[in-house]
Amino acid sequence: MLQSQVPVAPPPTDWRQIFEEAYQGRHTYAFKSGRTIPMASQDLWIVCRGIVQLSTLFPTGDEAVLGFVYPAMPFGLPLTQLNPYEAVALSDVVLMRLNQIELESSPLLAQGVLQQLSRRLQQTEAILAMISQRRVSDRLQHLLLMLKQEVGQVTPEGIRLEVRFTHQQLANLLGTTRVTITRLLGHLRQEGWLLIDGTRHLVICDSAPLGS
């Protein structure tokens, strides 16, 4: 029986609310789903609403998905050594922009960013453990369970993923092909573990057992 990865625990403090209260009235930036988010060398973005995907490109032109940034989490060029490094809105997002001087002058803000970076590290380790699975089917199930924990919404049918992921996005994250992901998702639907709702969002049937 396949055992699920230990989920990334939600933060004990609502840092999103703390960020918004500390910078109430500050200008925020809205990006529609699918938009590339510009990044500057000294700036950090904080996600207030929505989900952002981080990725890089190999010399072959293939994309590698690095992970997802959820509300209260930071991202930006000061936090990476990868080049190229791209951030794309997976849903409509609202972001707050901070520079390093502001971060250094606010102990509360620095504490919040540090805690959320720890959360990002936990996510990265979970992804590394996931992609080390030999079978792509195991990787896919672990990924869906992780997304269920982070962006799942309870519905009568099961846990609906808030973001609509394409088969290609899932394939890029798992290091496989879109055709393979399409086939495996079909198997999960046949087993009753997964369904796709009328808006093409994935729904994990909470009562369904994991495959062996």
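Computed from the coordinates by the stated procedures, all read-outs in this text should not be read as laboratory data. Since the model is a prediction, treat every value here as computed from it, not as a measurement. For neighbour counting, all protein chains shown are included, and Cβ atoms are generated from backbone atoms with ideal geometry for every residue, glycine included.
Label region 15-129 by shape, choosing from rounded, prolate and oblate, from the square roots a ≥ b ≥ c of the eigenvalues of the Cα gyration tensor; if a/c is under 1.5 it is rounded, and otherwise prolate applies when a/b is larger than b/c, oblate when it is not. It is prolate, given that a/c is not under 1.5 and a/b is the larger ratio.
Sorting Val47, Val203 on the 10 Å Cβ count, fewest up front, what's the list?
Val203, Val47
Assuming charge only on the beta carbon of Lys and Arg (+1) and of Asp and Glu (-1), the dipole of region 121-186 about its Cα centre is about 280 debye to the nearest 20. For the peptides 78-84, 168-174, the ranking by mean Cβ contacts within 10 Å, running from highest to lowest, is 168-174, 78-84.
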